[in-house]
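Written below as structure tokens is the structure these notes are about.
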Amino acid sequence: MSIYLIRHGQSEFNAAHALDPITDPMTFDAHLTELGVQQAKSAREEVADLGIKHVVASPLARAIQTAMHIFGNDHPITVNPHMSEKLYSSCDVGSNPTVLKDMFSHLSFDHLPTQWWYGDPDIDQRIQAEPDDIFLTRALGFKTWLDQWNDEPLAVVGHGTFFVQLAGHHMQNCEIHKYR
């Protein structure tokens, strides 16, 4: 079965970072900009003929918002924390499942721990860069899961660095890449 990777639309962090690539704008769990929403709506037209039956999205808000703008309520959406972005900046720090449930009440977040993104509980710091070995292990686990996918055509809505690790391809916002 076909699997398509879709990078999220432009986020508030992407927009701020484009203006100042050195300073973290401290935009936690960044949401889509208006441009990001438009990118996702355009991608909806691109995926219409791909036969996608199921969607897996990262729990970061920008990925869920992208999935919703592309697929609406027409496809089941599963939230999977194993494919979230490598934690490096404020935008990669996620939201508590109860907050996500308030934003996206039609989706299930019951399977997520309170802090599903990377973080060492013994360190009192909100932004902790995820070590490469932990990120690579997580990405490999998700790749193994994807490689076993034999059901209907699947869309995976996620993030740039994660997709580079997964597929070796740097994707633009809302780019659609056929993984398999």
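The values are calculated or read from the model by the stated rules, or taken from the named source; none is laboratory data. Nothing here was measured: the structure is a model prediction, and the numbers come from that model. Backbone-built Cβ (ideal geometry, glycine too); neighbour counts: all protein chains shown. Surface areas here come from the heavy atoms of the whole protein model, side chains and all, with no ligands, DNA or RNA. Shrake-Rupley method; radii C 1.70, N 1.55, O 1.52, S 1.80 Å.
Just a few scattered comments:
- Net +/- balance of residues flanking Glu175 in space, Cβ distance below 15 Å, scoring K and R +1, D and E -1: +3
- Summed over the residues of the range 85-180 and divided among them, the accessible surface reaches 54 Å² per residue at a probe radius of 1.4 Å.
- DSSP-defined antiparallel bridges as percent of all bridges, the chain, nearest 5: 25 percent
- If you run the Gaussian network model on the chain, springs between alpha carbon atoms under 10 Å, then out of Arg138, Arg126, Arg62 the most flexible one is Arg126.
- Taking amide H atoms as placed 1.01 Å from N in the peptide plane, the amide H of Ser11 lies under 5 Å from those of Thr33, each 5 or more residues away in sequence or on another chain.
- Adding -39500 (n - 2.57) for every DSSP H run of four residues or longer, then dividing by how many residues the chain holds, sets the calculated 222 nm ellipticity at -10500 deg cm²/dmol.
- Inter-label distance, Gln115 to Arg180: 3.4 nm, where each label sits 7 Å from its Cα along the C-beta direction.
- Legend: calculated FRET efficiency, Leu136 to Glu45, from the Cβ-Cβ distance at R0 = 25 Å, rounded to 0.05, equals 0.10.
- Total formal charge among the other residues, if their Cβ is under 9 angstrom from that of Leu60, Lys/Arg +1 and Asp/Glu -1: -2
- For the chain, the tally of Lys pairs with Cα-Cα distances below 25 Å comes to 10, considering only residues 8 or more apart or on different chains.
- To put it simply, the accessible area of the range 33-180 at a 1.4 Å probe is 49 percent carbon and sulfur.
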